[in-house]
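Contents: one structure, followed by commentary.
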Amino acid sequence: MKAAILVSTDSDKLSAVAAEVKKIQGVKEAFPVAGRADVVAIVDSKDLKELAGVSLKIFGIGGVSACETLVEVPM
């Protein structure tokens, strides 16, 4: 199951949050972006439960103010 997690951060925590997100198991890529989110994490998980765990870990990082998880819809 693939997903993109949009992460909003406190303005002074962007670099620290991006670095911490990269360390989380299941996160394949994480990078700062311009737009409504500050960091995007690309996640590959075995199921929805594992994906939820990754999302909660990201939300628990200091300086994270919001997360939005976008799950791939197979076509």
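The values are calculated or read from the model by the stated rules, or taken from the named source; none is laboratory data. Computed from a predicted model, the values in this text were never measured in an experiment. Counting neighbours? That spans all protein chains shown, and the Cβs are built from the backbone with ideal geometry, glycine included.
Observations on the model:
- ASP44 satisfies every condition listed in (1) on the phi > 0 side of the Ramachandran plot; (2) touching a Lys or Arg at 6+ places or on another chain (Cβ under 6 Å) except (1).
- The residues of region 1-52 that are touching a strand residue (DSSP E or B) at 6+ places or on another chain (Cβ under 8 Å), loosely packed, with under 14 Cβ neighbours inside 10 Å and among the acidic types (Asp, Glu), listed by number, are ASP10, GLU29.
- Condition met for LEU56 (loosely packed, with under 12 Cβ neighbours inside 10 Å, in contact with a strand residue (DSSP E or B) (Cβ under 9 Å, 6 or more places away or on another chain) and at pLDDT 95 or above): yes
- Of all residues in region 46-58, those that are more than 14 Å from LYS2 (Cβ to Cβ) have Cβ atoms under 8 Å from Cβ atoms of residues that are part of a helix (DSSP H, G or I), 6 or more apart or on another chain, in ILE58/VAL21.
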